[in-house]
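The values are calculated or read from the model by the stated rules, or taken from the named source; none is laboratory data. Please read these numbers as outputs of a predicted model, since none were measured by experiment. No Cβ is skipped: glycine too gets one built from the backbone with ideal geometry, and neighbour counts run over all protein chains shown. With ligands, DNA and RNA removed, areas are computed over all heavy atoms of the protein, side chains included. Shrake-Rupley method; radii C 1.70, N 1.55, O 1.52, S 1.80 Å.
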Amino acid sequence: MILANTSDERALARRRLPRPLFDYIDGGANSEITLRRNVSDMESVVLRQRVMRDVSVIDTSTTLFGQRLSMPLMLGPVGFAGMFAKRGEVQAARAAQAAGVPFTLSTVGICAMEEVAAAVQTPIWYQLYMIKDRGYMAALLQRAKALGTPVLVFTVDLPVSGARYRDQRSGFSASLPPMARLMRAFDGMAHPRWLWDVYFRGRPHDFGNIVAAIPEGQAGDFSGWIHRNFDPTVTWADIAWVRDHWDGPIVIKGVLDPDDAREALAAGADGIIVSNHGGRQLDGAQTTVRALPPIVDAVGQGMTVLMDGGVRSGLDVLRALALGAEGVLIGRAWAYALAAGGEAGVARMLARMQAELRAAMALTGCTNVKAARRSLLVD
């Protein structure tokens, strides 16, 4: 099968994964309106095609938080990635390192940060939620610091988990009756490649970073663990606590409103990620591509503004840059690629995105990503 784009990788991931795992990657909250609009609104951004420009030399490289990147793209945090391929976070981190872009490990990844960090030479970024047990949270930050983690991605848009119907139906976030559990087991056996490579050879299937905080017998109750342990009382004042325990850059993920962006700046954040959690939290929330320009106008000179949501190609990367982002994070795109082809699949996807970015830059007459501005857009 020729994998020409993210849609092709999604189709292959759907074939190779048991239904609950594919739906976890692919699904969103409620009716998935925001999930779909993230993509359609991105596709509606119109670029100016320019001609007769010298585009013989194209520079996609940039620097973020002191780190030189081959292109302004990062692998964003994706939970459970170790269930999509054998030790999936390790494979994805290796592909990211080879491509010259950062990998961000999720708090709820299968592989522990120590395992992932040991597999690469480039330090990984780490994503964290505000946890009620501040002592355990401080320990997580200390572990990340000891590994040389250069950037902390602090996710703030999950005080509670959104209503994800696909996960409820599949049993991913809700208990199933006996017959449904039996059918789920048959579904796993119907995917022998995944069964052998991931289920048997990819163990342990713990949440490597937080396994010590999950009581025995509760590992399968992920949504319940979130409800019991994620802190819904957190406010901007709590960023001071994070800063007391982290002396590197802090990037706030989950900002959609200019007023919240200003609050993040006032709280001392070094950057923000304009994000609606991939449409997995508040369905009907503003899409990131529409939220981005007002936020850039509000705080763009005072902090680094990144974005995620709806990025499926290198063309989309240029669209986001033209709207004011200094870089983008991808989630589903690398999760599909990982499920479809492991480390090699993620490497191919990243190479394709860079090639697509180069082509889009050449066709808009933009030879350096740092020069991508709103002037590239059709009014």
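Just one residue in the set LEU282, LEU292 is part of a loop (DSSP other than H, G, I, E, B) and among the aliphatic types (A, V, I, L, M); that residue is LEU282.
Go through the stretch 290-302 and give me each residue that's modelled with pLDDT of 95 or more and open to solvent by 10 Å² or more (accessible area, probe 1.4 Å).
ARG290, PRO293, PRO294, VAL296, ASP297, ALA298
Screening the stretch 140-164 for residues that are open to solvent by less than 40 Å² (accessible area, probe 1.4 Å) and not in a loop (DSSP other than H, G, I, E, B) and picking the one that is nearest to HIS245 (Cα to Cα) gives LEU141.
Return yes or no: is SER170 among the hydroxyl-bearing types (Ser, Thr, Tyr) and under 20 Å from the mean Cα position of the chain (by Cα)?
Values: among the hydroxyl-bearing types (Ser, Thr, Tyr): yes; under 20 Å from the mean Cα position of the chain (by Cα): no.
Criteria not met by SER170.
Within the stretch 118-139, can you find the residues that are modelled with pLDDT of 95 or more and either open to solvent by 40 Å² or more (accessible area, probe 1.4 Å) or not hydrophobic (A, V, I, L, M, F, W, C) (or both)? Listed by number, the residues that qualify are ALA118, GLN121, THR122, PRO123, TYR126, GLN127.
Cβ separations smaller than 6 Å between residues 6+ apart or across chains give no pair from the stretch 364-379 residues that are under 13 Å from LEU315 (Cβ atoms) to residues that are hydrophobic (A, V, I, L, M, F, W, C) and at pLDDT below 95.
Return a yes/no flag: does the stretch 98-120 have any residue that is under 26 Å from GLN354 (Cβ atoms), part of a helix (DSSP H, G or I) and touching a residue at least 60 places away in the same chain (Cβ under 8 Å). Yes, some residue in the stretch 98-120 is under 26 Å from GLN354 (Cβ atoms), part of a helix (DSSP H, G or I) and touching a residue at least 60 places away in the same chain (Cβ under 8 Å). Contact map, the stretch 165-191: first residue farther than 23 Å from GLY28 by Cβ and surrounded by fewer than 16 Cβ atoms within 10 Å (Cβ to Cβ), second residue modelled with pLDDT of 75 or more and aliphatic (A, V, I, L, M), Cβ cut-off under 8 Å, separation 6 or more or different chains; pairs are MET189/LEU195. Scanning the stretch 227-266 for residues being over 24 Å from ARG143 (Cα atoms) and either of a type in the set (A, V, I, L, M) or open to solvent by less than 20 Å² (accessible area, probe 1.4 Å) (or both) gives a total of 6.
Just checking, which of LEU338, LEU350 is surrounded by 24 or more Cβ atoms within 10 Å (Cβ to Cβ), touching a residue at least 40 places away in the same chain (Cβ under 8 Å), out of contact with any Leu (no Cβ under 8 Å at 6 or more places or on another chain) and more than 26 Å from ALA261 (Cβ to Cβ)? Residue meeting the stated conditions: LEU338.
Scanning the stretch 70-89 for residues that are open to solvent by less than 10 Å² (accessible area, probe 1.4 Å) and in a helix (DSSP H, G or I) returns ALA81, GLY82, GLY88, GLU89.
Scanning the stretch 192-213 for residues that are surrounded by 15 or more Cβ atoms within 10 Å (Cβ to Cβ) and either at pLDDT 90 or above or more than 26 Å from the chain's Cα centre (by Cα) (or both) yields a total of 5. Residue count for the stretch 43-69, restricted to those that are among the acidic types (Asp, Glu) and either open to solvent by 80 Å² or more (accessible area, probe 1.4 Å) or modelled with pLDDT under 95 (or both): 2. Return a yes/no flag: does the stretch 305-313 have any residue that is open to solvent by less than 10 Å² (accessible area, probe 1.4 Å), out of contact with any helix residue (DSSP H, G or I) (no Cβ under 6 Å at 6 or more places or on another chain) and part of a loop (DSSP other than H, G, I, E, B). Within the stretch 305-313, one or more residues are open to solvent by less than 10 Å² (accessible area, probe 1.4 Å), out of contact with any helix residue (DSSP H, G or I) (no Cβ under 6 Å at 6 or more places or on another chain) and part of a loop (DSSP other than H, G, I, E, B). So for the stretch 45-65 (the condition being closer than 28 Å to GLY79 by Cβ and in a helix (DSSP H, G or I)), does at least one residue qualify? Within the stretch 45-65 (the criterion being closer than 28 Å to GLY79 by Cβ and in a helix (DSSP H, G or I)), the answer is no, since none of the residues qualifies.
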